[in-house]
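What follows is a set of notes on a single structure, which appears directly below.
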Amino acid sequence: MKQNIFSSGILLALLGYAAFSISDACSKGLAGHLDPFEVAFSGGVFGFILLPFIRRPDEPYSDIFATTRPGMWILRAVSTFVSTAASVMAFMLLPMPEALSLMFLMPFFVTIISVTILKEKVSFWTWLSVAVGFLGVLIVLRPGARTFHLGHVCAIVAALANASSVVAYRLAGDGSARLSLFGSSLFGPLIGDGLLMITHASWPHGLKVWAILFGYGFLAALGQLFMMMATAVAPANRVALPQYSQMVWAVAFSYLLFNQPLDNWTFVGIVVVTLSGMLNWIRQKLRFERMALEEHWEHRHHQQTDVAKP
């Protein structure tokens, strides 16, 4: 039974990351048609599609703003606004695998924030995974050997903003309402990107542009729903591994849709970045399996002790 639940969680996660990847491809497909801030704004608009699926029957919609830590709500909103705007621009300016490899710097930033601000202890294996991932990013960028431009800056800013959002979720605690956690990720892009697009926004022209714009927002929302369902039936650390399937999608889209093949060094860097994430996942998997085994033997020891008592 557990294996079936685990398998369904992995499948849901794969579907979620596939939806995210196709959504990213849609944002890239809108380059030259719409302002990046307008595209990011639409993501907030279509995100409201999820609310009926997230809200509990007894939960009022006003809980979107219900929070005991308004500072963390605002931080999540700002982080989501920055990450959506920066990621859309990065995908428009860079090949998808290259942009995604830089966004995979998020664990590096989370680790740095955890150590410097939250004063958390980080294991050697976490530092090793982060160091390998950073090495992979350096291989992709190759400072001094290639031009570093706005697209690279946007991808790195998106990674930093996503890391800030993760930390904000962590600091919010388990007592925060689900609608509140999700609501901040809607109103950030709506307000931030809405203000930035005012002077540049244009009405989408043509059915194709409208379809791609809807695909961007709807699939991003659908991916969020799949990920919530996945984490409900499978451990979060295991659901995280299929994230690297996004790189497979990105490489395929780069070659097949956008005619942007990768050079050899960029491909090597992407492989190193992907392996760094898998290294951290393997370390976590071994740690949890060891803990489960220790708990099993301890429980068995207590059972034997109880039987031996007169």
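At a glance:
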{"item": "Residue within the stretch 114-122 that is touching a residue at least 12 places away in the same chain (Cβ under 8 Å) and either under 18 Å from the mean Cα position of the chain (by Cα) or in a helix (DSSP H, G or I) (or both) present", "result": "yes"}
{"item": "Residue within the stretch 1-10 that is of a type in the set (A, V, I, L, M), in a loop (DSSP other than H, G, I, E, B) and either free of Cβ contacts under 8 Å to residues at least 24 places away in the same chain or touching a Lys or Arg at 6+ places or on another chain (Cβ under 9 Å) (or both) present", "result": "yes"}
{"item": "ALA230 being modelled with pLDDT under 85 and under 27 Å from ALA77 (Cβ atoms)", "result": "yes"}
{"item": "Residue satisfying condition, being farther than 29 Å from ALA18 by Cα and of a type in the set (Phe, Trp, Tyr), within set PHE108, PHE104, PHE124", "result": "PHE124"}
{"item": "Pairs with Cβ under 8 Å, 6+ apart, first in the stretch 18-46 and of a type in the set (Lys, Arg), second surrounded by fewer than 22 Cβ atoms within 10 Å (Cβ to Cβ) and not in a helix (DSSP H, G or I)", "result": "LYS28/PHE258"}
{"item": "When residues of the stretch 37-95 are limited to those that are outside any helix (DSSP H, G or I) and β-branched (Val, Ile, Thr), the one surrounded by the most Cβ atoms within 10 Å (Cβ to Cβ)", "result": "THR67"}
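The values are calculated or read from the model by the stated rules, or taken from the named source; none is laboratory data. Please read all numbers here as calculations on a predicted model, not as lab measurements. For neighbour counting, all protein chains shown are included, and Cβ atoms are generated from backbone atoms with ideal geometry for every residue, glycine included.
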